[in-house]
Amino acid sequence: MHWYDNEVQQLETKIKQLPPADDRVVFYGSSSIRLWKTLAADFPEQNTVNLGFGGSTLAACAWFFERLVVPANPKAVVFYAGDNDLGDSRLPEEVFLFFRALAEQMRQRLPGVPLAYLTIKISPARWRLAESIRLANKFVSQEISHYPDWQAIDMTAPLLDGNGRPRRELFEADGLHLNPEGYLVWKKALQDQIRIF
């Protein structure tokens, strides 16, 4: 996990500089979280902290959970990852196991803290993985259903057109990351569905 160290250390410094608070909503995960530049403005009524780090896998998010999420003292966690695991040829079943590793840490280190899992998006660049993405989302959502204060939020369908294909106009030129219009769609999807705020 050494290739994440620089960014993780920067996030650790950021956390240390936060003022004391017990009302933080931590957004944690891969670059889809890190690049959500309008996060604070999109949810002005929440004390949001962006702890996304670029290129991270769900496996890496589980690995760094103790160093990043626990010290931030969240009242709630909004989490997105799994996209890059599948892009690295991991199987949906592996993504599910990585999520279970993270979930176990949540239960042990942050008992009673609610979690919102943002389902993995289907992007033009990873269209070939659409079925794997759907399967991973299904596995994780089923696991989450066992916890009354956890929630799976469908961030996948709002980015698709009537034929079930990703809407190209919502993505950056790389076909992978959301553009500002894509984040507007995500903002509305989260506002419409989230119960943990």
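Here is a list: Ala101, Ala152. Which entry is touching a helix residue (DSSP H, G or I) at 6+ places or on another chain (Cβ under 9 Å), open to solvent by 20 Å² or more (accessible area, probe 1.4 Å) and part of a strand (DSSP E or B)? Walk me through it before giving the result.
Numbers: Ala101 fails: part of a strand (DSSP E or B).
Checking each option against the conditions leaves just Ala152.
Give me the residue from segment 159-173 that is in a loop (DSSP other than H, G, I, E, B) and farther than 15 Å from Tyr183 by Cβ and, out of that set, least open to solvent (accessible area, probe 1.4 Å). Full working, then the answer.
Of segment 159-173, the ones in a loop (DSSP other than H, G, I, E, B) are 161-165, 167, 172-173.
Retained after the next criterion (residues that are farther than 15 Å from Tyr183 by Cβ): 161-165, 173.
On the way: Asp161: 63, Gly162: 89, Asn163: 136, Gly164: 18, Arg165: 109, Ala173: 101 Å².
The residue in question is Gly164.
Looking at this structure, is Leu68 open to solvent by 20 Å² or more (accessible area, probe 1.4 Å) and either hydrophobic (A, V, I, L, M, F, W, C) or within 21 Å of Ser132 (Cα to Cα) (or both)? Reasoning before the result, please.
On the way: open to solvent by 20 Å² or more (accessible area, probe 1.4 Å): no; either hydrophobic (A, V, I, L, M, F, W, C) or within 21 Å of Ser132 (Cα to Cα) (or both): yes.
It is false that Leu68 is open to solvent by 20 Å² or more (accessible area, probe 1.4 Å) and either hydrophobic (A, V, I, L, M, F, W, C) or within 21 Å of Ser132 (Cα to Cα) (or both).
Among the residues in segment 119-130, are any in contact with a helix residue (DSSP H, G or I) (Cβ under 9 Å, 6 or more places away or on another chain), open to solvent by less than 20 Å² (accessible area, probe 1.4 Å), of a type in the set (Gly, Ala, Ser) and in a helix (DSSP H, G or I)? Quick ask: steps written out before the conclusion?
Taking segment 119-130 first, the residues in contact with a helix residue (DSSP H, G or I) (Cβ under 9 Å, 6 or more places away or on another chain) are 119-126, 129.
Of the ones still in play, those that are also open to solvent by less than 20 Å² (accessible area, probe 1.4 Å) are 119-123.
Cutting the leftovers down to of a type in the set (Gly, Ala, Ser) gives us 123.
With in a helix (DSSP H, G or I) added as a condition, the list becomes none.
Taking every residue of segment 119-130 in turn, none turns out to be in contact with a helix residue (DSSP H, G or I) (Cβ under 9 Å, 6 or more places away or on another chain), open to solvent by less than 20 Å² (accessible area, probe 1.4 Å), of a type in the set (Gly, Ala, Ser) and in a helix (DSSP H, G or I).
In segment 12-23, is there at least one residue being more than 25 Å from Glu131 (Cα to Cα), part of a helix (DSSP H, G or I) and small (Gly, Ala, Ser)? Break it down into steps so the answer makes sense when it comes.
Applying the first criterion (more than 25 Å from Glu131 (Cα to Cα)) to segment 12-23 yields 12-23.
Then drop every residue that is not part of a helix (DSSP H, G or I), which leaves 12-16.
With the extra rule that they be small (Gly, Ala, Ser), the set shrinks to none.
Looking through segment 12-23, none of the residues is more than 25 Å from Glu131 (Cα to Cα), part of a helix (DSSP H, G or I) and small (Gly, Ala, Ser).
For Leu184, are the conditions met, namely being at pLDDT 95 or above, assigned to a helix (DSSP H, G or I), within 22 Å of Lys37 (Cα to Cα) and open to solvent by 70 Å² or more (accessible area, probe 1.4 Å)? Break it down stepwise before answering.
Numbers: at pLDDT 95 or above: yes; assigned to a helix (DSSP H, G or I): yes; within 22 Å of Lys37 (Cα to Cα): yes; open to solvent by 70 Å² or more (accessible area, probe 1.4 Å): yes.
For Leu184, the condition - at pLDDT 95 or above, assigned to a helix (DSSP H, G or I), within 22 Å of Lys37 (Cα to Cα) and open to solvent by 70 Å² or more (accessible area, probe 1.4 Å) - is met.
Going by the structure shown, is Val140 touching a Phe, Trp or Tyr at 6+ places or on another chain (Cβ under 7 Å) and either open to solvent by 50 Å² or more (accessible area, probe 1.4 Å) or modelled with pLDDT of 95 or more (or both)? Step through it out loud before you land on a result.
Working: touching a Phe, Trp or Tyr at 6+ places or on another chain (Cβ under 7 Å): yes; either open to solvent by 50 Å² or more (accessible area, probe 1.4 Å) or modelled with pLDDT of 95 or more (or both): yes.
Taking the combined requirement at face value, the residue satisfies it.
Out of curiosity, is Phe79 closer than 22 Å to Leu184 by Cα and open to solvent by less than 70 Å² (accessible area, probe 1.4 Å)?
Working: closer than 22 Å to Leu184 by Cα: yes; open to solvent by less than 70 Å² (accessible area, probe 1.4 Å): yes.
Yes: the conditions hold for Phe79.
The conditions are (1) in contact (Cβ under 8 Å) with a residue 24 or more places away in the chain; (2) open to solvent by 10 Å² or more (accessible area, probe 1.4 Å); (3) within 27 Å of Gln191 (Cβ to Cβ); (4) not polar (S, T, N, Q), and Gly29 fails exactly one of them. Which is it?
Condition not satisfied by Gly29: (2).
Kindly provide the set of residues from segment 10-22 that are open to solvent by 50 Å² or more (accessible area, probe 1.4 Å) and within 23 Å of Ala103 (Cβ to Cβ), ordered by number.
Hit for segment 10-22 is Asp22, nothing else.
The values are calculated or read from the model by the stated rules, or taken from the named source; none is laboratory data. On a predicted model such as this, the values are computed, not experimentally measured, just so you know. Glycine also receives a Cβ, built like all others from the backbone with ideal geometry; neighbour counts cover every protein chain displayed. Only protein heavy atoms, including side chains, enter the accessible area calculation; ligands, DNA and RNA are left aside. Shrake-Rupley method; radii C 1.70, N 1.55, O 1.52, S 1.80 Å.
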